[in-house]
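**Student:** Below: one structure in structure tokens.
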Amino acid sequence: MKISITDECQGKFSNILKDHWQGQGHEVIFDKYFDPKKILWADVCFFDWGGNNIQRASYPEDAFWKEISQPQNKNVILRTHDIDLWAGSTQRVNFNWVNNLVFVGPHLMDRFLPELKLTEKTKVHFIKHGIDTNKFTFQIRQPGHNIAWIGNINEAKNLQLALYVMAELPRYYTLHVVGKGLSSWKKYYVENYIKDTGINVQFSEYVENVNDFLEDKNYLLNTSGKEAFGFVIGESCAKGIKPIIHNFWGSSNVWPVGWTWNTVQDAVRMITNPNIYNSKKYKNYIEQNYPFQKMLDEYNNIINN
């Protein structure tokens, strides 16, 4: 089978499917931007994110289709995540051309599905993300003083909230931040806050291997106000690291209530309580609720039907 993957986020999540389908013997080509010729070549056209690529591709009157008529015999799949829904991008897709629509968060599916103008042609699926636990070295871990924070440094991920948590912790705790986007006024604010409070924060824009980076960490601190899932949360749990998850909207549909917090004081108590730390429980939850093979099987079903 010939599969075209179009992903404006350069494979952030779709690389998993690309590698899997190639491993099954399918011909797979990848592009960051919509290319009509690749759509013509493919049997299956997989679009990750409901952004500009699928918007333009879905409308037969778009300039891209002036020389080549929009094909109607393809299995067109759109996977939508979260920011594309909140920004209204997915709502601007012409679903007359889309065979399958995939949601990855149940709360987002419930919230936005009624707003989409679907036809009978479009089948709707909810497919949980899966975590390949074999890629992460698990060990029984103990409470400690190394806290990981991973994500793009933007409004949604809310690094400032992580700093407020650190300010209420003893100074022997260290926050290890991995992420890009600390610039302009945000950079000056963060640097000044760290200086004035005396908290320990180490920054890296990028790490080659997340598994290696997390190896000596005791906690994964999530401060996001918006998530469909939170991949790094699942990956940390696979290593046996305790998650400290901010109660983003819909989190109760994704993570156990006991793993989430609302106030800075709640987060501090979760970090400093040595009696609540269970590495096996964290990994078991991932294996039972986000099995990797089940996710792959569900995508296989879509491309084969």
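**Student:** When the residues of segment 205-255 are narrowed to those that are in contact with a strand residue (DSSP E or B) (Cβ under 7 Å, 6 or more places away or on another chain), closer than 21 Å to THR272 by Cα and of a type in the set (D, E, K, R), which ends up surrounded by the fewest Cβ atoms within 10 Å (Cβ to Cβ)?
**Tutor:** Only one residue tops the list, namely ASP216.
**Student:** Then there is this: In segment 181-206, what residues are within 19 Å of the chain's Cα centre (by Cα) and closer than 23 Å to PRO143 by Cβ?
**Tutor:** None - no residue of segment 181-206 is within 19 Å of the chain's Cα centre (by Cα) and closer than 23 Å to PRO143 by Cβ, so the list stays empty.
**Student:** Test GLN22 against the stated conditions and say whether it is more than 22 Å from LEU113 (Cβ to Cβ), modelled with pLDDT under 95 and either surrounded by fewer than 17 Cβ atoms within 10 Å (Cβ to Cβ) or in the same structural domain as SER224 (by TED's automatic domain parsing) (or both).
**Tutor:** Spelling it out, it is not the case that GLN22 is more than 22 Å from LEU113 (Cβ to Cβ), modelled with pLDDT under 95 and either surrounded by fewer than 17 Cβ atoms within 10 Å (Cβ to Cβ) or in the same structural domain as SER224 (by TED's automatic domain parsing) (or both).
**Student:** Looking only at segment 256-267, count how many residues are in contact with a helix residue (DSSP H, G or I) (Cβ under 7 Å, 6 or more places away or on another chain) and buried (at least 20 other Cβ atoms within 10 Å of the Cβ).
**Tutor:** 3
**Student:** Which of the following residues is under 20 Å from MET109 (Cα atoms) and outside the structural domain of ASP82 (by TED's automatic domain parsing): ALA267, ALA238, ALA228?
**Tutor:** That would be ALA228, the only listed residue that is under 20 Å from MET109 (Cα atoms) and outside the structural domain of ASP82 (by TED's automatic domain parsing).
**Student:** If I filter segment 75-91 down to residues being surrounded by fewer than 17 Cβ atoms within 10 Å (Cβ to Cβ) and not hydrophobic (A, V, I, L, M, F, W, C), which single residue comes out as nearest to LYS117 (Cα to Cα)?
**Tutor:** By that ranking, first place goes to GLN91.
**Student:** Something else: Which pairs do you get when a residue that is under 27 Å from MET109 (Cβ atoms) and in contact (Cβ under 8 Å) with a residue 24 or more places away in the chain, found in segment 50-66, comes within reach of a residue that is surrounded by fewer than 21 Cβ atoms within 10 Å (Cβ to Cβ) and acidic (Asp, Glu), reach meaning Cβ atoms under 8 angstrom, with the pair 6+ apart or on two chains?
**Tutor:** The qualifying pairs are GLY51/GLU8; ASN52/GLU8; ASN53/GLU8.
**Student:** For LYS280, work out the one condition from (1) surrounded by fewer than 18 Cβ atoms within 10 Å (Cβ to Cβ); (2) closer than 17 Å to GLU168 by Cα; (3) of a type outside the set (A, V, I, L, M, F, W, C) it doesn't fulfil.
**Tutor:** So the condition that LYS280 fails would be (2).
**Student:** Of all residues being basic (Lys, Arg) and in contact with a Lys or Arg (Cβ under 9 Å, 6 or more places away or on another chain) in segment 259-305, which is farthest from MET166 (Cα to Cα)? Just the residue, please.
**Tutor:** Ranking the candidates gives LYS294 first.
**Student:** Same structure, new question: It is to be established whether one or more residues within segment 54-72 are over 19 Å from LYS117 (Cα atoms), assigned to a loop (DSSP other than H, G, I, E, B) and touching an Asp or Glu at 6+ places or on another chain (Cβ under 9 Å).
**Tutor:** Looking through segment 54-72, at least one residue is over 19 Å from LYS117 (Cα atoms), assigned to a loop (DSSP other than H, G, I, E, B) and touching an Asp or Glu at 6+ places or on another chain (Cβ under 9 Å).
**Student:** Take segment 82-91 and flag every residue that is out of contact with any Ser or Thr (no Cβ under 9 Å at 6 or more places or on another chain), touching a residue at least 24 places away in the same chain (Cβ under 8 Å) and not hydrophobic (A, V, I, L, M, F, W, C).
**Tutor:** Matches in segment 82-91: ASP82, GLN91.
**Student:** With the condition kept exactly as written, say whether any residue in segment 111-127 is touching a helix residue (DSSP H, G or I) at 6+ places or on another chain (Cβ under 9 Å) and under 19 Å from PRO36 (Cβ atoms).
**Tutor:** no
**Student:** Still on this structure: Those residues that are in contact (Cβ under 8 Å) with a residue 40 or more places away in the chain and either part of a loop (DSSP other than H, G, I, E, B) or surrounded by 15 or more Cβ atoms within 10 Å (Cβ to Cβ) (or both), I need them from segment 1-13; list them, please.
**Tutor:** Within segment 1-13, MET1, ILE3, SER4, ILE5, THR6, ASP7, GLU8, CYS9, PHE13 qualify.
**Student:** So, SER236, is that one under 17 Å from ILE286 (Cα atoms) and of a type in the set (Ser, Thr, Tyr) or not?
**Tutor:** Yes, satisfied.
**Student:** Moving on. Give the residue that is farthest from VAL201 (Cα to Cα), with candidates limited to residues of segment 109-159 that are surrounded by fewer than 20 Cβ atoms within 10 Å (Cβ to Cβ) and among the small types (Gly, Ala, Ser).
**Tutor:** Among them, the one singled out is ALA156.
The values are calculated or read from the model by the stated rules, or taken from the named source; none is laboratory data. Just so you know, these numbers come straight off a predicted model, no measurement behind them. Neighbour counts are summed over all protein chains in view; Cβ atoms, including those assigned to glycine, are modelled from backbone coordinates with ideal geometry.
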